[in-house]
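Encoded as structure tokens, the structure appears first; notes follow it.
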Amino acid sequence: MKADDIAHARTLAEEFIAQRDGGKISAQLGDGGSAVVFKLEQANVVRALKVYDPKFFASDGAQAEQHRLSLQKRLIGHHCPSMIDTLAVDEDLGTCFLTMEYFAGHELKKVLGKVPDESIPSLISQLVEAVLFLEQFGLVHRDIKPENILVSEDFTQLKLLDLGVVREISTDEERADATDHGQRRPFIATAQYSSPEYLFRLEPPSAELWKALTLYQVGGVLHDLVCKRPLFEKSVAADNKYALAMSVMRETANFDGVSPKVAEWAALAARCLTKDSSLRLQIVDWPDFKGGALSPRDQLKRTLAARGARTDRAIVDETRIHELHRIRESSAANLIQSLRQKLVSEYSPQLRISELPTTEGRASIVLSLADEPLGVALAIEFSWESGTREKFASVHLAAIATAKLDGTELSGKRKAIGENDLDGSSQVLLVELLIDAVSEILIKHSALTATGNISEGADLVSLTWMQPDQNQR
């Protein structure tokens, strides 16, 4: 919040407590985009008072925030040792006041490097205790991260806080007070500690989605504890949200330099940070965080089960990848076949066409012109992407003058044509763009042949489009 908004929130807090037995608003404990938290001293009792910016309740997100506050009311009167207690939720003075337990701890993010290795099992166990406490009320936190965790001076106690984006564990999203509504799919949480399927909205809401997300976020905190540094630290330092998003999607968490004393916990964190949500749910569960509470035999069984699940998933992934390669090659073959048929209908019989073997990365043909010693070898090249874009490829065209009817390697310039996708929706347009490009090449080829200015291996892309073009590479 801005300084003026924080000052106004303090004034509102003082007016609010004056109506309720008085007290003192002292230190500012923290602030975010919509609220600020103050230390509240009343009759020798210290609490925390969260004051929302009144403007927030006049915005489009007001109804959703009011619903989340109603969810927090479920927790009033219930105590969890590892979560900041919610004591009261009051709407007054045109805004909302959230009274909470006060805990004189340190924000975990600021003391990561000081946490003793021997404290990690207890701290992470307490965090899981808070997660399971919320589950009893049908709630999921959604924003578990070191900034939302306080630890005691001696690192023996942990408190989870900030239920600002809490929601019910349900499949229901089509409500006016929900995150998603109609066509809207906003992201709520912290990208750095969000799982790929949640960050990119790859899966619909479900109990499995929320558990997989929470396992991932707890794993992110455990990573930071064992590594003494934040998850995806370099991507965060780059201050580029797109680079960070790609790290979440593709980059494996770095556990370099982890002490052998916490190797078992590092392995658990790695399992939690598995990119595939269904695999994550198979290879890690809340009992794994009990550490010494599990017997060596049970720990070994869990480890072997995790390895087995990873092996099974690897087989499934290998099968899927094999099928993906087959479909890509089929798509390339369909495109070159459509181009061939179009060329035949447009230019036969003066133009003869010989096809060459097709792969997922290249489809080739050789065009022979009547009474011309040199024909044209064309290669359509597909640069397939990965991750969420694995069904898309950028398409480029290469062409040389040749008398050979084999798969001669084509060097030189490439002409960017467009994008191919496995759904086939782009192929009709691609064929038309290719026909236009090939026609230009053949015009240039004929002109050069007529003047005797062409030779074997001549780069027809470079000769056809002489001027620098952003569509060439």
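None of the figures in this text is laboratory data; all of them are computed from the coordinates on show. Keep in mind that what you see is a predicted model, and the values were worked out from it rather than measured. FYI the Cβ positions are ideal-geometry reconstructions off the backbone, even for glycines, and counts take in every protein chain you see.
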What dipole magnitude, in Debye to the nearest 20, does region 301-441 give about its Cα centre under +1 on Lys/Arg Cβ and -1 on Asp/Glu Cβ? 820 debye
Would you mind ranking Leu215, Leu123 so that the residue whose beta carbon has the fewest other beta carbons within 10 Å leads the list? Leu123, Leu215
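Nearest 500 deg cm²/dmol is fine: what mean residue ellipticity at 222 nm does the chain get from its DSSP H runs of n ≥ 4 alone, each adding -39,500 (n - 2.57), divided by its residue count?
-12500 deg cm²/dmol
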Restricting the calculation to Cα positions, tell me the Rg (one decimal) and the Dmax (whole number) of region 232-293 in Å. 13.8, 42
Over the C-alpha atoms of region 106-294, what are the Rg and the largest Cα-to-Cα span, Dmax, in Å? 16.0, 50
Charged-residue dipole, Cβ positions (Lys, Arg, Asp, Glu), region 106-294 about Cα centre, Debye nearest 20: 440 debye
Using the Cα centre of the chain as the reference point, and only Cβ charges (+1 on K/R, -1 on D/E), how large is the resulting charge dipole? Debye, rounded to the nearest 20. 780 debye
Which cross-chain or sequence-distant (5 or more) residues have an amide H under 5 Å from the amide H of Ala35, H modelled 1.01 Å from N in plane? Asp53
What whole-number distance in Å separates the alpha-carbon centres of region 9-50 and region 379-456? 68 Å
All Cα pairs of region 1-102, percent lying beyond 18 Å: 46 percent
Which of the listed residues, Leu69, Gly457, Pro204, is farthest toward the dipole's positive end in the chain, when Lys, Arg count +1 and Asp, Glu count -1 at the beta-carbon? Gly457
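I need Cys96, Cys272 ordered by Cβ neighbour count within 10 Å, fewest first. Intermediate results must be reported in sequence, preceding the final value.
Working: Cys96 21, Cys272 25.
Result, fewest neighbours first: Cys96, Cys272.
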In degrees between 0 and 90, to the nearest 10, how far off the longest principal axis of the chain does helix 62-73 point, with axes built from Cα atoms? 50 degrees
Among the listed pairs Lys24/Lys114; Lys228/Lys290; Lys24/Lys228; Lys50/Lys290, which have their C-alpha atoms separated by more than 29 angstrom in this model? Lys24/Lys114; Lys24/Lys228; Lys50/Lys290
Partners for Lys415 among lysines (Cα-Cα distance below 28 Å; same-chain residues under 8 apart left out): Lys342, Lys391, Lys404, Lys444
J(HN,Hα) series, region 47-60, from Karplus relation 6.51 cos²θ - 1.76 cosθ + 1.60, nearest Hz, glycine and proline x: 9, 10, 10, 9, 10, 7, 5, x, 4, 5, 8, 10, 9, 5
Between the helical axis of 3-18 and the dominant principal axis of the chain, each derived from Cα atoms, what acute angle in degrees is found, rounded to the nearest 10? 30 degrees
Given backbone amide H placed at 1.01 Å from N, residues whose amide H is under 5 Å from that of Ile144, ignoring those fewer than 5 places away on the same chain, are none
